[in-house]
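Worksheet: the structure to be examined is printed underneath.
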Amino acid sequence: MKFVSVAAGLATAVSSVFSQTITLGYPTNGVILTPGQSFTAQVIQPESMASCIQVGIALAMDTCTNGVCLQPANQLGDVLYAGPWTPTGHPQGGFYQNFTLQVPDFTPGPAVFTLTHLCLLGGGPYPFLEFRNASVTIA
């Protein structure tokens with residue numbers, strides 16, 4: 001019986017963390033970008049019941065060498081934006097913010113676009129760091 005209550009508590013804690021996750025509205029996997037091109041990155045946060053104090057985000061792009069893309073925890077590449085994230089409500093629910101960025105002067109080939117998000121989560125609070133990636137192609 002104790003196992004069930006511990007498992008239920010753990011599931012609740014995990015779901016509150018996952019309810020904080022953010023997503024990339026754009027770019028998405030498979031998008032083709034051109035060096036020097038301006039594009040609009042969109043960061044989305046679904047509605048959540050948990051308290052999260054926004055610290056900021058970083059938007060970065062890195063090329064892949066021989067088809068291998070480094071993990072964002074090891075290397076972000078060219079940072080295109082680093083600073084506050086102040087999303088506004090979306091009429092269909094949740095929150096979002098758009099960022100106008102420029103594609104770095106990369107060699108054509110595969111690349112990874114990374115969103116790094118930091119917030120202070122819960123009543124404690126504690127730092128919550130997450131990454132979201134999109135595999136893109138530089139044409």
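Out of the residues in the range 32-45 that are in a loop (DSSP other than H, G, I, E, B) and within 18 Å of ALA134 (Cβ to Cβ), state the one that is least open to solvent (accessible area, probe 1.4 Å).
Only one residue fits best here, namely PRO35.
I need the full set of residues from the range 72-89 which are without any contact (Cβ under 8 Å) to a residue 12 or more places away in the chain and closer than 25 Å to PRO46 by Cα, in order please.
THR88, GLY89
Given the conditions (1) of a type outside the set (Val, Ile, Thr); (2) assigned to a loop (DSSP other than H, G, I, E, B); (3) at pLDDT 90 or above, which single one is not true for GLY124?
GLY124 satisfies all of (1) of a type outside the set (Val, Ile, Thr); (2) assigned to a loop (DSSP other than H, G, I, E, B); (3) at pLDDT 90 or above except (3).
For the range 97-110, does any single residue satisfy the condition of being more than 14 Å from GLN42 (Cβ to Cβ), open to solvent by less than 70 Å² (accessible area, probe 1.4 Å) and touching an Asp or Glu at 6+ places or on another chain (Cβ under 7 Å)?
For the range 97-110, residues more than 14 Å from GLN42 (Cβ to Cβ), open to solvent by less than 70 Å² (accessible area, probe 1.4 Å) and touching an Asp or Glu at 6+ places or on another chain (Cβ under 7 Å): present.
Test each condition in (1) surrounded by fewer than 18 Cβ atoms within 10 Å (Cβ to Cβ); (2) under 11 Å from LEU115 (Cα atoms) for LEU59 and report the one that comes out false.
(1)
How many residues does the range 113-139 contain that are more than 17 Å from GLY56 (Cα to Cα), among the aliphatic types (A, V, I, L, M) and open to solvent by 20 Å² or more (accessible area, probe 1.4 Å)?
The number of residues fulfilling the criteria is 1.
The values are calculated or read from the model by the stated rules, or taken from the named source; none is laboratory data. Just so we're clear, the structure is a prediction, and the values are computed from it rather than from any experiment. Counting neighbours? That spans all protein chains shown, and the Cβs are built from the backbone with ideal geometry, glycine included. For accessibility, only protein heavy atoms count, side chains too; no ligands or nucleic acids. Shrake-Rupley method; radii C 1.70, N 1.55, O 1.52, S 1.80 Å.
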